[in-house]
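The values are calculated or read from the model by the stated rules, or taken from the named source; none is laboratory data. Only a predicted model underlies this, so the values are computations on that prediction, with no experimental measurement involved. Don't worry about glycine lacking a Cβ; one is built from the backbone with ideal geometry, like all the others, and counts go over all protein chains shown. Ligands, DNA and RNA are stripped out before the accessible areas are found, and what is left, the full protein with its side chains, is counted by its heavy atoms. Shrake-Rupley method; radii C 1.70, N 1.55, O 1.52, S 1.80 Å.
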Amino acid sequence: MLFFLDTADVTEVKALAETGMIDGITTNPSLAASSGIPFPQLIAQMCALVEGPVSAEVMAPDAATMVTQGRQLAKISKNVTIKVPLTVEGLKACQTLSHEEIMVNVTLCFSATQALLAAKAGAAFISPFIGRLDDISQSGMELIKDIRLIYDTYGFETAVLAASIRHPMHIVEAAKAGADAATMPPKVLRQLYQHPLTDLGLENFLKDWNKSGLSI
Ligand code: G3P
């Protein structure tokens, strides 16, 4: 399962890239706006820190402008993945960019029908927003399961990228449901490491070791 960081915080990406667990980055317009860094520069900085896909979202109402913006962003680095919204125009742009062998991440997916359309449009990634579905009392995880089943049934190669992850159990459930990847805030990645019994066990081992006079 691939782990992507969902952030526009370059300092966090630098710190967490050192763990060796980061397979890519996703950003969105809201995160980018909070970074205070001009967008192309932000994407370039992210691409320098990780080898895997770095999603950069286009912002335009029509497919033609999305394609122009996508081509422009794709020139920044070979690992730029263009993020388009799940709209008629977004999927038209997805088809064009995918034919040009530019990887596309289709975002703002909230239903299985939308995911099916994105796969038909040649998306490299589909991003179902599971946290935002949970927020309105719909099951984000059921959507991941439905998409997995549909993609496997038809042999679609579009990767299922669980997005809008809010906590570690979203990662566990998405992994059990067969998501290819998950994109999470830095805080959630750090939480994945944590267990109180690990801390307690280590504390006791350390105490006994120090008392014993043993060394390595
Ligand atoms: O990239 C998608 C993700 O950032 C959305 O997360 O927590 O704003 O629903 P959230």
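Rolling a 1.4 Å probe across the protein heavy atoms gives the chain an accessible surface of 52 Å² per residue. Start at zero, step by 5 Å, and the Cα-Cα distances of region 110-186 spread as 3, 18, 31, 26, 15, 6, 1 percent across the bins.
Under a model in which nothing but the beta-carbon of Lys, Arg (+1) and Asp, Glu (-1) is charged, region 106-190 shows a dipole of about 240 debye around its Cα centre. Projecting the Cα positions of ALA163, THR19, PRO38 onto the charge dipole of the chain (unit charges on Cβ atoms of Lys, Arg, Asp and Glu, taken about the Cα centre) puts PRO38 furthest along the positive direction. Around the Cα centre of the chain, unit charges on the Cβ atoms of Lys, Arg, Asp and Glu (plus for the first two, minus for the last two) sum to a dipole of about 160 debye. The HN-Hα couplings worked out from phi for region 177-183 by the Karplus form 6.51 cos²θ - 1.76 cosθ + 1.60 (θ = phi - 60°) are 7, x, 4, 6, 8, 9, 10 Hz, whole numbers, x standing for Gly and Pro. Taking all Cα pairs closer than 8 Å and separated by 6 or more residues, the relative contact order of region 2-212 comes to 16 percent. The angle between the Cα long axis of helix 63-74 and the main principal axis of the chain comes to about 40°, on a 0 to 90 degree scale. Against the empirical 2.2 N^0.38 Å (N residues), region 2-212 has a Cα radius of gyration ratio of 1.11.
Round to the nearest 10 and give me the degree value, 0 to 90, for the angle of helix 39-49's Cα axis relative to the longest principal axis of the chain. In the chain, helix 39-49 runs at an angle near 50 degrees to the longest axis.
Using a 1.4 Å probe on the protein chains only, how many percent of the accessible area of region 2-212 belongs to carbon and sulfur? Here it works out to 58 percent. Within the same chain, lysines fewer than 8 places from LYS176 are excluded, and of the rest, those with a Cα less than 17 Å from its Cα are LYS145.
Helix 140-154 against the longest principal axis of the chain: what's the angle in degrees, Cα atoms only, rounded to the nearest 10? Once rounded, the angle reads 60 degrees.
A simple rule links phi to the HN-Hα coupling: the Karplus curve 6.51 cos²θ - 1.76 cosθ + 1.60 with θ = phi - 60°, which for region 133-139 gives 6, 4, 4, 10, 6, 10, 8 Hz, with x for Gly and Pro. Measuring between their Cα centroids, region 32-70 and region 110-131 lie 20 Å from each other.
Once Rg and the Kirkwood radius are both taken over the C-alpha atoms of region 1-121, their ratio Rg/Rh works out to 0.96. Annotation for GLN45 and THR65: the two label points, set 7 Å from Cα along the Cα-Cβ direction, are 2.7 nm apart. Straight Cα distances below 24 angstrom link LYS78 to the lysines LYS14, LYS92, LYS120, with same-chain residues fewer than 8 positions distant left out.
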